[in-house]
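The values are calculated or read from the model by the stated rules, or taken from the named source; none is laboratory data. This is a predicted model, so every value here is computed, not measured. Ideal geometry is used to build each Cβ from the backbone, glycine not excepted, and the neighbour counts take in all protein chains shown. Ligands, DNA and RNA are excluded from the accessible area calculation, which covers all protein heavy atoms including side chains. Shrake-Rupley method; radii C 1.70, N 1.55, O 1.52, S 1.80 Å.
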Amino acid sequence: MQVNNNYSSPNFGMALKIKPEAMESLKKAPMETLETLERIGENLKDTKYYHMEILENLEPRITSPYANKYRGFFDVKPTDKSDKLSPSNFLTFSTLWDGTEIYGYNKGKKIQEAIQYASSEAADAAYKKISSAPTELEKIAMITKELDNREIERVAQEKANKELTEAVENKANDLFSKFGSKDAE
């Protein structure tokens, strides 16, 4: 069995991944597109969970280490403000599923995904930022960054919850070892 050192990979730690099949299209692309891709690469270099791939014909695809992979179009929807008492704190977008075929999700199926924010204002600000992107590639890069930020927050919260549960358990064990009764009554 061979174990490869991922640290030597030229893509390790990079969230913009240009696939070999994109090379011909890259060579024929306008300079503005190449400069846009370079900016995107710089903006996404610190992402941890979600990545943007450039495929054949410069088609973008968002990937993650999970089943989620999206490609094709990315249609971002404004936040739902119809319920004045409880406005939506979700940013939604439509796209095509390109990930693992699971739970009725098949490759090429049109789906709607949602990114949850702390408030409706934050979701609305993300929508405005993404929808004002000058190019489709930059819009998709912003979606990638937003997905990554939410996942980082989710993982951090999960870790904090686990640490709190462990601290409570340790404290309970400590209290019982100091003051616990061995009586069955």
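Quick check on segment 154-163. Is at least one of its residues farther than 30 Å from K77 by Cβ, over 26 Å from the mean Cα position of the chain (by Cα) and not hydroxyl-bearing (S, T, Y)?
For segment 154-163, residues farther than 30 Å from K77 by Cβ, over 26 Å from the mean Cα position of the chain (by Cα) and not hydroxyl-bearing (S, T, Y): absent.
Of everything in segment 126-185 that's in contact with a strand residue (DSSP E or B) (Cβ under 8 Å, 6 or more places away or on another chain) and polar (S, T, N, Q), which residue is surrounded by the fewest Cβ atoms within 10 Å (Cβ to Cβ)?
Filtering segment 126-185 for residues that are in contact with a strand residue (DSSP E or B) (Cβ under 8 Å, 6 or more places away or on another chain) and polar (S, T, N, Q), the one surrounded by the fewest Cβ atoms within 10 Å (Cβ to Cβ) comes out as S131.
For the list (1) hydrophobic (A, V, I, L, M, F, W, C); (2) at pLDDT 90 or above; (3) more than 14 Å from the chain's Cα centre (by Cα), I need the number of the one condition that L91 fails.
(3)
Can you tell me which residues in segment 52-83 are in contact with a helix residue (DSSP H, G or I) (Cβ under 7 Å, 6 or more places away or on another chain) and open to solvent by 30 Å² or more (accessible area, probe 1.4 Å)?
Hits for segment 52-83 are E56, N57, L58, P78.
Would you confirm whether any residue within segment 96-105 is over 30 Å from L58 (Cα atoms) and without any contact (Cβ under 8 Å) to a residue 40 or more places away in the chain?
no
Hand me the list of strands (runs of 3 or more DSSP E) wholly inside segment 19-108 holding 3 or more residues that are in contact with a Leu (Cβ under 8 Å, 6 or more places away or on another chain).
Strands (runs of 3 or more DSSP E) meeting the threshold: 51-54, 60-63, 69-77.
Could you go through segment 147-169 and let me know if any residue there is within 30 Å of L58 (Cα to Cα) and either without any contact (Cβ under 8 Å) to a residue 40 or more places away in the chain or in a loop (DSSP other than H, G, I, E, B) (or both).
Yes, segment 147-169 contains a residue that is within 30 Å of L58 (Cα to Cα) and either without any contact (Cβ under 8 Å) to a residue 40 or more places away in the chain or in a loop (DSSP other than H, G, I, E, B) (or both).
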